[in-house]
Structure formats: C-alpha cells, structure tokens
Amino acid sequence: MTLQMKSNFLSVFLSLAFTFIILTILIVVIGKDPLEVYSLIYTDVFTSGYGIGQTLFKATPLIFIACGLAVCFHASLFNIGAEGQLNAGSFVIALTALQLDSLPLVLAIAISAVAGFTAAGIVGLIPAIIKVKKGVSEVITTIMMNFVILALINYLMVDFFAVKSTLRTVSIGDKNMLGKASDIFPFFEGSSLNITFVASLVTAFLVYVLIYKSTFGYKLRAVGFNEVASKYIGIKVSKVVIASFFIGAGIASFAGLNFIFGYKGYYELGFSNNIGFTAIAVALLAKNNPIGIIFSSILFAALDYGGLAVNQLIPKEVMLVVQGLIILSILSSDSIVRNFYTKKGLV
C-alpha cells in the first residue's frame with residue numbers, strides 16, 4: 001500500500017469515527033438510546049431484502065453523479081452544478097424516450113442516454129468556457145447555472161411538456177420500463193432496485209480506468225496537481241478543463257436512467273431532491289476514487305433510508321446533519337493526517 005493510499009484510508013477512517021462519535025452524542029442529547037437507534041437502522045437497512053434493495057436503489061444515482069464530479073475534482077475544478085446538469089440530462093432523456101417507444105428497449109435506452117449525456121455535457125461546457133476565456137471561478141458559475149437550468153426546465157414543463165395539472169412529463173409506458181431486480185431475485189421483493197445499479201458499477205469501473213489508466217486521466221490529474229507545470233510539459237490545460245466538465249456533467253445525467261426507466265417512467269420536477277449536492281460529499285469521502293465512490297454512495301444511501309427507518313425515534317433530518325458532519329470531518333481529518341505525516345518526515 002502506497003503512502004498516499006495509507007493517508008487516504010486513515011483520513012476516511014478518522015472522518016467516519018468523528019462522525020459516529022458526534023452522532024452518538026447528538027442522539028443522547030435528544031434523549032434517545034444510541035444502541036436502540038443503531039439497532040433499528042441495522043435491522044431495517046441491512047437485514048431485509050427490501051431494505052438492502054432500497055439502499056442500493058438510492059445509491060445508484062449517487063454513484064453516477066459522484067463519478068461525474070470526480071472527473072472534475074481530479075482537475076481541481078470544483079463543480080457544484082451537478083444538480084442542474086443531471087436535471088437537464090434527465091429531462092432530455094425522458095423527452096427522447098417518448099419518441100423511441102417503437103424501438104427495442106435496449107436501443108431506446110442507449111439513444112436516450114446519449115442524448116441526455118450530450119445535453120448535460122453542453123450545460124457543463126458553459127462554466128468551463130467562461131473559466132477558460134474569462135478566468136471566472138467555476139464555483140460561482142456552476143451555482144448560478146443550477147438556478148438557470150432548473151428555472152428553464154420549469155418553464156418548458158409548465159408551458160409545453162407537463163401532463164395537465166402535474167409537474168411531470170408523459171409516461172414512457174410500462175412496456176418500456178426496466179424490470180425490477182425482484183423479478184429475478186425474489187429476495188428484493190417490493191424494492192425499486194433495478195439493472196441501472198449494475199450500470200452504475202460498470203460506469204464507476206470505466207471512470208476509474210479513464211482517470212487512472214488513460215492518457216487523458218494522466219493529463220487530468222496533472223492539471224489538478226499543478227496547472228502551471230502542466231502547461232510547461234505541453235498539456236493543453238484549456239482543453240482538459242473543457243473536456244472534464246463535458247464528460248463529468250454528462251456522466252451525472254445517467255442518474256435520470258434510474259428514475260425514468262427503472263422507477264417512475266417519466267421526468268418529474270424535483271425528482272433529484274438535491275442529490276447533486278449530496279454527491280459532492282460522496283465524492284469527497286471517497287477521495288474522488290470511483291471504486292471508493294461505490295462504497296461511500298452505499299453509506300450515504302443507507303443513511304438516507306435509515307433516516308426514514310428511525311423517524312419514529314429521532315427526526316429523520318438528523319441524517320442530513322450526519323451528511324454535513326462527514327464533509328466537515330473529512331476536511332478536518334485531512335489536515336490532521338497531513339500534519340501527522342509531516343511531523344514524521346514522510347511528506
């Protein structure tokens with residue numbers, strides 16, 4: 001195990017340990033028994049096929065979005081626009097799917113996914129080009145783009161595409177929906193888990209190869225490590241910035257496949273429920289490693305579903321506090337680990 005891997009592992013361990021300790025204190029302050037709360041979460045989330053299925057279902061979009069964000073983060077581009085990007089892509093996926101109901105399902109999904117990827121990628125290009133041409137921070141532009149894109153989709157839905165008296169598109173129909181995992185594995189009976197979870201795992205693996213095993217990935221990480229030095233060794237930084245935003249935003253759009261083809265059958269305003277922001281924490285906890293993102297996504301999904309399970313004991317909003325604590329603790333633990341290795345003379 002390399003020093004960097006050891007450092008990352010220790011940082012994540014400390015982050016989770018800090019979060020667990022603070023959560024336990026918070027539960028005690030509320031006046032509840034931590035053991036009872038943790039026992040209920042474990043029972044409802046990990047001991048039933050329905051609980052496991054729902055957890056993996058909730059983890060699926062997180063894996064897609066966090067992998068897309070990781071592409072940007074490796075280039076030191078703090079993309080906070082995943083919420084708008086995934087909605088733009090998902091909206092186009094739904095509209096495209098409606099035009100392809102006569103095609104075989106696999107082909108319809110493939111074409112819809114490409115259309116959604118392209119739409120989201122174009123949305124991602126806007127802050128990238130502004131950064132390259134004008135030097136404006138992507139943090140500002142991606143935040144602004146979230147509001148612009150969501151407002152634009154709202155306008156298009158209300159005036160053109162929404163079913164009357166609703167905030168959703170026309171359904172693609174049951175015959176165009178992906179089967180549930182429970183159709184093959186009765187263990188997951190009742191859950192919404194579907195084959196897009198497998199697609200998210202494949203995506204994570206491909207993104208891992210892209211980042212760590214490809215020429216583009218080398219350039220991506222070089223730019224993230226030192227932009228000035230990258231220019232000196234001949235890397236076209238502007239092209240890397242633009243490409244990373246396009247690819248990252250495009251990957252985030254795949255979250256819509258889980259909702260549209262695997263769950264509801266249509267695009268609905270608000271379906272993402274700020275998951276684009278949650279995915280930032282997922283990527284940070286995993287140190288932007290796509291394989292680690294799989295596990296951190298499952299953790300956050302378990303917290304989300306577990307929040308519903310323990311709502312009878314503590315407010316489910318406590319789990320949102322936990323997600324925030326993870327972000328703060330991962331930043332703190334990074335500093336602690338870095339200082340530790342510095343004092344040891346290892347860095």
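The values are calculated or read from the model by the stated rules, or taken from the named source; none is laboratory data. Remember, predicted model here, so these are calculated numbers, not experimental data. Here Cβ is always computed from backbone atoms with ideal geometry, including for glycine, and neighbour counts include all displayed protein chains. Quick note on the areas: whole protein, heavy atoms, side chains included, nothing else; ligands and nucleic acids left out. Shrake-Rupley method; radii C 1.70, N 1.55, O 1.52, S 1.80 Å.
Can you name every residue in the stretch 62-119 that is open to solvent by 20 Å² or more (accessible area, probe 1.4 Å), of a type in the set (Val, Ile, Thr) and within 15 Å of the chain's Cα centre (by Cα)?
80, the sole residue that qualifies.
Considering only residues that are of a type outside the set (D, E, K, R) and free of Cβ contacts under 8 Å to residues at least 60 places away in the same chain, which ones fall in the stretch 167-184?
Across the stretch 167-184, the qualifying residues are 179, 184.
I'd like to check something: does the stretch 107-125 contain any residue that is in a loop (DSSP other than H, G, I, E, B), free of Cβ contacts under 8 Å to residues at least 24 places away in the same chain, more than 18 Å from residue 248 (Cβ to Cβ) and out of contact with any Ser or Thr (no Cβ under 9 Å at 6 or more places or on another chain)?
No, there is no match, as no residue in the stretch 107-125 is in a loop (DSSP other than H, G, I, E, B), free of Cβ contacts under 8 Å to residues at least 24 places away in the same chain, more than 18 Å from residue 248 (Cβ to Cβ) and out of contact with any Ser or Thr (no Cβ under 9 Å at 6 or more places or on another chain).
Need at least 3 residues that are buried (at least 24 other Cβ atoms within 10 Å of the Cβ) per element, so show me which helices (runs of 4 or more DSSP H) inside the stretch 231-347 make the cut, counting only ones lying wholly within it.
Per the criteria, 237-252, 255-260, 275-285, 290-309.
From the set of residues in the stretch 213-230 that are surrounded by 13 or more Cβ atoms within 10 Å (Cβ to Cβ) and of a type in the set (D, E, K, R), which is nearest to residue 72 (Cα to Cα)?
Per the criteria, the residue is 221.
Report every pair of residues separated by at least 6 positions or lying on different chains whose Cβ atoms are under 6 Å apart, first residue within the stretch 317-339 and of a type outside the set (A, V, I, L, M, F, W, C), second in a helix (DSSP H, G or I).
Cβ pairs passing all conditions: 323/281; 329/15; 329/18; 329/19; 333/11; 333/14; 333/15; 334/11.
Please go through the stretch 285-303 and pick out each residue that is without any contact (Cβ under 8 Å) to a residue 60 or more places away in the chain and touching a Phe, Trp or Tyr at 6+ places or on another chain (Cβ under 9 Å).
none
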